[in-house]
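The values are calculated or read from the model by the stated rules, or taken from the named source; none is laboratory data. Everything numeric here is computed off the predicted structure, so don't read it as measured data. As a convention, Cβ positions derive from the backbone with ideal geometry for all residues, glycine included, and neighbour counts pool all protein chains shown.
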Amino acid sequence: MGTRRALLELGPETFAAEARQRLGLGVQPVWDMVALMEEEGIFVVEAPFESNNLFGAFTYSQEIGSCVLINTHCTKGRQTTTAAHEYCHSLKDREMVKAIVCGRHNENEEVERYAYAFARHFLMPREGVLQVLDDLGSLSGGIDEKTVIHLRWHFRVSYSVALLHLMQLGFVKRSDYDRLKDIGSVWSLDRRLGYNPDEDRKEELKQDEEPLRRPRPLVELAVRSYENERITLSRFAEVMGIDRVAAADFLEEVGVPLRLSGQEEMVGESRLA
């Protein structure tokens with residue numbers, strides 16, 4: 001127990017390095033985070049959600065263990081980062097955060113910032129980044145948008161995440177970061193450099209399809225998050241794949257009181273800003 005407590009107090013880079021060492025990953029890229037999590041006994045649900053704000057979710061219970069949701073209506077690079085992010089929650093936060101919906105609405109919360117930093121370091125270890133930059137001749141010749149593209153495809157992350165990580169590691173100055181983040185079409189540059197951007201495309205939503213049947217751990221996560229005022233009714237409906245009316249009916253059926261419109265607005269301002 002003492003060892004686990006000490007690990008939980010580590011910074012995200014060191015914590016990620018400890019996790020990679022335990023798994024025997026060295027500096028090699030992890031292209032299939034879902035397979036890794038499933039091998040670790042984590043229950044993973046992959047499904048498309050029509051939302052630009054919902055990336056994933058995590059819940060934990062003693063009976064079921066860790067359960068993770070990945071929104072596949074995001075690019076493959078985003079999905080990989082989301083999976084590593086949720087993996088951090090499973091390793092570090094399962095005793096503190098029993099349920100959390102992850103997206104743009106709460107990305108500035110401390111627990112989320114840590115998980116995002118962990119994800120970057122877990123997917124792109126410092127030594128692995130150094131190796132790629134050295135192979136590209138970028139350590140002495142400077143880093144440009146082509147370098148970022150090669151790095152992103154080596155680790156299978158998004159261009160924005162690869163560039164942010166380079167800045168956080170000190171390989172790119174803030175001024176260069178601001179210049180490199182606006183390069184127009186990333187996929188056009190992918191293609192020019194010999195990569196297939198179709199491999200990074202998100203899963204499209206299917207029309208006239210029955211709503212996805214949510215597994216019990218995910219339903220529990222959504223209900224608990226609404227009950228604890230971490231998400232609004234609209235966000236609950238998104239996670240469940242139903243409209244607001246059906247979401248309200250569901251919550252009433254399971255005995256969760258609905259919030260008044262004023263209370264919903266307060267949650268939206270405090271939690272979803």
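Couple of notes before you dig in:
- Test result for residue 192, under 18 Å from residue 29 (Cβ atoms), charged (D, E, K, R) and not assigned by TED's automatic domain parsing to the domain that holds residue 29: no
- Members of segment 121-157 that are under 22 Å from residue 20 (Cβ atoms) and in contact with an Asp or Glu (Cβ under 8 Å, 6 or more places away or on another chain): 121, 126, 153
- The one condition from (1) part of a helix (DSSP H, G or I); (2) of a type in the set (A, V, I, L, M, F, W, C); (3) modelled with pLDDT under 95 that residue 130 does not meet is (3).
- Residue match in segment 133-147 (condition: within 18 Å of residue 161 (Cα to Cα), surrounded by 15 or more Cβ atoms within 10 Å (Cβ to Cβ), within 15 Å of the chain's Cα centre (by Cα) and not acidic (Asp, Glu)): no
- Annotation note: of 89, 150, 154, 165, the sole residue that is in the same structural domain as residue 71 (by TED's automatic domain parsing) and either touching a strand residue (DSSP E or B) at 6+ places or on another chain (Cβ under 8 Å) or touching a residue at least 24 places away in the same chain (Cβ under 8 Å) (or both) is 89.
- Note on segment 1-86: enclosed strands (runs of 3 or more DSSP E) holding 2 or more residues that are surrounded by 21 or more Cβ atoms within 10 Å (Cβ to Cβ) and of a type outside the set (D, E, K, R) are 54-61, 65-71.
- Count - residues of segment 118-132 that are surrounded by 24 or more Cβ atoms within 10 Å (Cβ to Cβ) and of a type in the set (Gly, Ala, Ser): 1
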